[in-house]
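Data block below; observations after.
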Amino acid sequence: MYLSNLKLWNFRKFGDISSIDMDKPNLNLNFTTGINVLIGENDSGKSAIIDSIKITLKTHSFEWFRLDWDDFYDGSERLRIELRFDNLSDEEAKNFTEWLGWIGEGDEAKPFLRLIYDASRNLNDRYIYPTEIKAGVDESGYQLTAEAREYLKTTYLKPLRDAKSELIPRKNSRLTQILQGHEAFKGKGEDHRLVSLFRDFNEEVKNYFVGKNKEGEDLEGEDLKGSELKKEIDRFIEAFYEANKESNFGVLGNNLKNILEKLELSIKDELNPGLGTLNRLFMASELLHLQKKNWSGLRLGLIEELEAHLHPQAQMQIIEALQNEKNIQLILTTHSPNLASKLNLENLIICNDNNAFPMGTAYTELDSDNYKFLEKFLDTTKANLFFAKGVILVEGWAEEILIPSIAKAIGINLTEKGISIVNIGNTGFDHYSKVYLRKEKPYMTIPVAVITDSDIREYEKNGDDYVKRDDETIQNETQAAIDSNDAKSKQCIKYHTAPNWTLEYSLFKSTSLKSTFQSVCKSIHTGTDWNTDFEKMLAIKLIDKNRKLNKTEVAYRLATALDEDLQKKPEEQTIVIDTDNDESIKYLIKAIRYAAGN
């Protein structure tokens, strides 16, 4: 049994002010068996998804989760949560016989379970009407029994969890709850081995404080300090109570629960463990609920911010281990590009614009080769695209270095806008851009700008010389390249192609940046004769690998010049980008504005 689908109406950010339309949920999200990881920018709905599941199912801990006023979408009087469970085994299905629905006919029919949480509030009195979890195939469903609900509880790890306090011995500690639910202790009584061990321990403690060993013989020397201490306490007790009263040292409680409340869990030979170690230990203990034998209920774990208190290597080690777990389902949230880069792409769900988009093969336009490529090359740096409000895909370091400075020069701060520049290191943009393309509506709305060169050479080698090509031919071929790339623009993906050969050639022809670009090139390649014919020499350096242009250093120095000029007073600035008339770099300006939503 696994949670296959979640539907939300008017829950948190997933809603609208119109009345609930049962055919049009505000969120309709499918989950897969195994691991599901919710990613996306802040306030994109990740926690709302986790909370809707948690409120409906409740958890194995003693924490009480109830519906709050702010759980309703702004201005709405009613919200609804539906959870659907599929792949029920016969042992699991027997717990919900009267609430099951069926898919298929005859021997091929398979059961499913649908849970319903439908709540209303009075806006005038600020009152939320009591409601119960129901189940069934019709719209209203029938109330679940307490026994049935026990089989649907989930394991939940809160964000920024205090693992230290959860693991220390105390009454009703989380560790006690976890252990009591395990088959090693569940339903066991006074005949459990731990009870007899503690009984023997208490007898030893009692003997020490009366000055005896386990054979009943008198202790000697320093060992008598315990009995002396007890006599002093007993003297006060007799004075405070009565002569026949005396103290008793030992571990209070003689039942299994009392004993479990005294236990502490730690890592062997690990002294003074930090928060990261304790967090891993706590997660390991919590996940015991999902590994119980002879359990015919739900095995679902919810973990918010898995990366809490963990360094990047530990994060990746844990997520790799969780991906190998069998027969359990996990729904996680994360803000960590490290985790996103380590996960299989099909396990990711991108939250964006009041929606959630699974990355499985049934939903994206990625083909099998794209998935294989991304799983090999989607490193931590590139994985930040999953958390951005806008994305700019570029071919190399030069664009990655220069574009933020050009953006600032035209009044756009990419960092403040939450825009990620992703340097893919080649022209294989399809592998990355298709992440945002959906087979069916709703489409994703994250603006993705692809910046690419036209790669139409303006010079060609002729013997030992380099000759300028025919202008009309260049224009025709460049326009064909631009048209070809424009045809790839689709849904939220928009291509922006250089109207000239390369980025560097476009900078050279820019009316705004030409002189600065030339000065930078001359300062880097001091042994080059730039003064005779700068354009031809630039072309040679773009073609001849032995006289290669240092593109990265050029971009760095040009970016520095832009940044330094921007720090000057307006009347002292010398670099002004003409955003309206500089045709050579307008493709960069348009890409920046598109990604920024301008």
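The values are calculated or read from the model by the stated rules, or taken from the named source; none is laboratory data. Quick caveat, the model's predicted, so the values are computed rather than measured. Glycine gets a Cβ as well: all are built from the backbone with ideal geometry, and neighbour counts include every protein chain shown.
Might you let me know whether segment 207-214 holds any residue that is surrounded by 13 or more Cβ atoms within 10 Å (Cβ to Cβ) and on the phi > 0 side of the Ramachandran plot? For segment 207-214, residues surrounded by 13 or more Cβ atoms within 10 Å (Cβ to Cβ) and on the phi > 0 side of the Ramachandran plot: present.
Looking only at segment 40-62, residues that are in a helix (DSSP H, G or I) and among the acidic types (D, E) come to 1 in all. Would you mind stating whether L179 is assigned to a helix (DSSP H, G or I) and closer than 30 Å to S296 by Cα? In short, yes. Applying the criterion of being among the β-branched types (V, I, T) and touching an Asp or Glu at 6+ places or on another chain (Cβ under 8 Å) to the residues of segment 47-62, the residue that is surrounded by the fewest Cβ atoms within 10 Å (Cβ to Cβ) is I55. For Y432, the criteria (1) without any contact (Cβ under 8 Å) to a residue 60 or more places away in the chain; (2) part of a helix (DSSP H, G or I); (3) not assigned by TED's automatic domain parsing to the domain that holds V554 hold in every case but one, which is (3).
Each residue in segment 370-399 was checked for being more than 18 Å from the chain's Cα centre (by Cα), assigned to a helix (DSSP H, G or I) and either within 13 Å of E41 (Cβ to Cβ) or in contact (Cβ under 8 Å) with a residue 60 or more places away in the chain (or both), and 4 of them qualify.
Counting only strands (runs of 3 or more DSSP E) that fall entirely inside segment 435-517 and contain at least 2 residues that are within 17 Å of Y594 (Cβ to Cβ), over 39 Å from the mean Cα position of the chain (by Cα) and among the hydrophobic types (A, V, I, L, M, F, W, C), no element qualifies.
Looking only at segment 192-201, decide whether some residue is assigned by TED's automatic domain parsing to the domain that holds V251, in a helix (DSSP H, G or I) and acidic (D, E). For segment 192-201, residues assigned by TED's automatic domain parsing to the domain that holds V251, in a helix (DSSP H, G or I) and acidic (D, E): present.
If you go through segment 302-321 one residue at a time, do you hit one that is in contact with a helix residue (DSSP H, G or I) (Cβ under 8 Å, 6 or more places away or on another chain), assigned to a strand (DSSP E or B) and touching a residue at least 40 places away in the same chain (Cβ under 8 Å)? Yes - at least one qualifying residue is present in segment 302-321. Note on segment 102-119: residues that are surrounded by 15 or more Cβ atoms within 10 Å (Cβ to Cβ) and of a type outside the set (D, E) amount to 8.
Take E139 and decide whether it is over 24 Å from R78 (Cα atoms) and either of a type outside the set (F, W, Y) or part of a loop (DSSP other than H, G, I, E, B) (or both). So E139 fails the test. Residues that are farther than 29 Å from D529 by Cα, part of a helix (DSSP H, G or I) and over 34 Å from the mean Cα position of the chain (by Cα) within segment 543-598 comprise L566, P570, E571, E572, K586, listed in sequence order.
Each row is one residue, and each column tells you yes or no for (1) modelled with pLDDT under 90; (2) farther than 30 Å from N124 by Cβ; (3) among the aromatic types (F, W, Y); (4) not assigned by TED's automatic domain parsing to the domain that holds S296.
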| residue | (1), (2), (3), (4) |
| --- | --- |
| E63 | yes, yes, no, no |
| Y73 | no, no, yes, no |
| S76 | no, no, no, no |
| I81 | no, no, no, no |
| R84 | no, yes, no, no |
| N87 | no, yes, no, no |
| D90 | no, yes, no, no |
| N95 | no, yes, no, no |
| G101 | no, yes, no, no |
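Put simply, of I81, I55, I39 the only residue that is over 24 Å from Y142 (Cβ atoms) and among the β-branched types (V, I, T) is I39.
Against the conditions (1) surrounded by 15 or more Cβ atoms within 10 Å (Cβ to Cβ); (2) part of a loop (DSSP other than H, G, I, E, B), I267 satisfies every one except (1). No other residue among F282, F249 is in a helix (DSSP H, G or I), in contact (Cβ under 8 Å) with a residue 40 or more places away in the chain, out of contact with any Gly (no Cβ under 7 Å at 6 or more places or on another chain) and aromatic (F, W, Y) apart from F282. Contact map, segment 134-151: first residue surrounded by fewer than 17 Cβ atoms within 10 Å (Cβ to Cβ), second residue of a type outside the set (V, I, T) and assigned to a strand (DSSP E or B), Cβ cut-off under 6 Å, separation 6 or more or different chains; pairs are V137/G101; Y142/K134; Q143/K134.
Here is a check on your reading of the model: is L224 surrounded by 14 or more Cβ atoms within 10 Å (Cβ to Cβ), at pLDDT 80 or above and either on the phi < 0 side of the Ramachandran plot or part of a loop (DSSP other than H, G, I, E, B) (or both)? Here the answer is no, as L224 does not meet what is asked. Of all the residues in segment 63-93, those that are surrounded by 11 or more Cβ atoms within 10 Å (Cβ to Cβ), within 26 Å of the chain's Cα centre (by Cα) and part of a helix (DSSP H, G or I) number 1.
The listed residues are F112, F185, and the only one of them that is modelled with pLDDT of 95 or more and either within 30 Å of the chain's Cα centre (by Cα) or not in a strand (DSSP E or B) (or both) turns out to be F112. Filtering I331, I421 for residues that are under 30 Å from Q567 (Cβ atoms) and touching a strand residue (DSSP E or B) at 6+ places or on another chain (Cβ under 7 Å) leaves a single hit, I421.
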